[in-house]
Each structure stands twice: as C-alpha cells, then as structure tokens.
Amino acid sequence: MGRLDGKIALITGVAGGIGRAAAQLFAREGARVVGCDLKLDETNETARMVTEESGEMVVMTGVDLGDEAAARAWVNEAAEVFGGIDIVYNNAGAFRIGPIDQMSGDDWRFTMRMEVDIMGAANPMGRTGEPMDIAKVALFLASDDAFYVNATSIVVDGGQNVVV
C-alpha cells in the first residue's frame, strides 16, 4: 500500500526534472497524477514512463499557468474528471531573477503571479490545522525520506500563507 493510494495529485511542470520525478514517485506511491506542461512531447514521455511503471497519469498540455482563467480551467477539469483534488504540487515556474533592489515592478509581479495563480485556482484546505498535521511533517523530517532536508523552514498552514 502506497502513501498516496487513492489520492488525486495535480502536478505542474511534468515535462522533465523535478516535475517528472514527482509524477513518477507520486504514481508509484498510488496517486492518480494529473500533469500539465507546455512541452507536449516531453510531457507525453513522462506519462509513458509513469504508465510503464504501472502508475496512472493523465496529461493536460498547453496549460498556461500564468493565465488565471487557464489555471482555473485546468484545476476545475481535473476535479470534475476525477471527482476532486487531494494534492496540488505547483512545480512549474517561470521567474525573473536579480537583485531585489534592481528588479522592476513588472518583473516582481510576473514572478509572483506565476506562483499565486495555480494556488488561487486550487484554493486552500478549507479547515484549520490540527496538531497531527504538524506532527506528520515532524515525522517526515525525522525519517530517512528527509535525509537531504536540512536547515529549512516548512510552513504547514493548508495554503493559507500564499503571498498575493
């Protein structure tokens, strides 16, 4: 039995790298993965790899997550097709980097919009946190699965801390 058995996982940026690895791992752990990316061939390759490993993945390509309406449509379609959403992993990103004091307002808004649109489309958990929510993160951090996680803060707030 996998840790994500029966869960619906929306994962963005699945054409390669971290997104591809997450799609494979989440599927291996029992999730039904709904992936999206703008790169059609690479996204289909990820889906092929997942299904070859006996996982389940549906691909939705051409989703511009920088377009709030497109992000909402993707989330709504996935929820309708699968009967809900349990996990949103916003791996995709487009950002403009540089020293903050030299970043234009347009660059800042672009970067923030890319991060916020998908989370706004998916909505926070809709409930207050419970002590067990924090304890589960602590358990993960204490496990061998978190071997490479060091000196970082993990916000456990059900998505309520999204910066707009």
Given the conditions (1) surrounded by 14 or more Cβ atoms within 10 Å (Cβ to Cβ); (2) of a type in the set (D, E, K, R); (3) in contact with a strand residue (DSSP E or B) (Cβ under 9 Å, 6 or more places away or on another chain), every one holds for ASP86 apart from (1)
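Return the residue satisfying two criteria in turn: it lies in region 28-65 and is outside any helix (DSSP H, G or I) and open to solvent by 70 Å² or more (accessible area, probe 1.4 Å), and of such residues it is modelled with the lowest pLDDT.
Once the filter is applied, the top-ranked residue is ASP64.
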Selection from region 66-97 of residues that are touching a Ser or Thr at 6+ places or on another chain (Cβ under 6 Å) and either outside any loop (DSSP other than H, G, I, E, B) or not polar (S, T, N, Q) (or both): ALA92, PHE95, ARG96
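State all residues of region 1-27 that are basic (Lys, Arg) and assigned to a strand (DSSP E or B); if no residue qualifies, say none.
To start, the set of residues in region 1-27 that are basic (Lys, Arg) comprises 3, 7, 20.
Answer for region 1-27, where residues must be basic (Lys, Arg) and assigned to a strand (DSSP E or B): there is none.
The values are calculated or read from the model by the stated rules, or taken from the named source; none is laboratory data. The structure presented is a predicted model; accordingly, all values stated were derived computationally and were not measured. Virtual Cβ from ideal backbone geometry, glycine too; neighbours counted across all protein chains shown. Heavy atoms of the whole protein, side chains included, go into the accessibility calculation; ligands, DNA and RNA do not. Shrake-Rupley method; radii C 1.70, N 1.55, O 1.52, S 1.80 Å.
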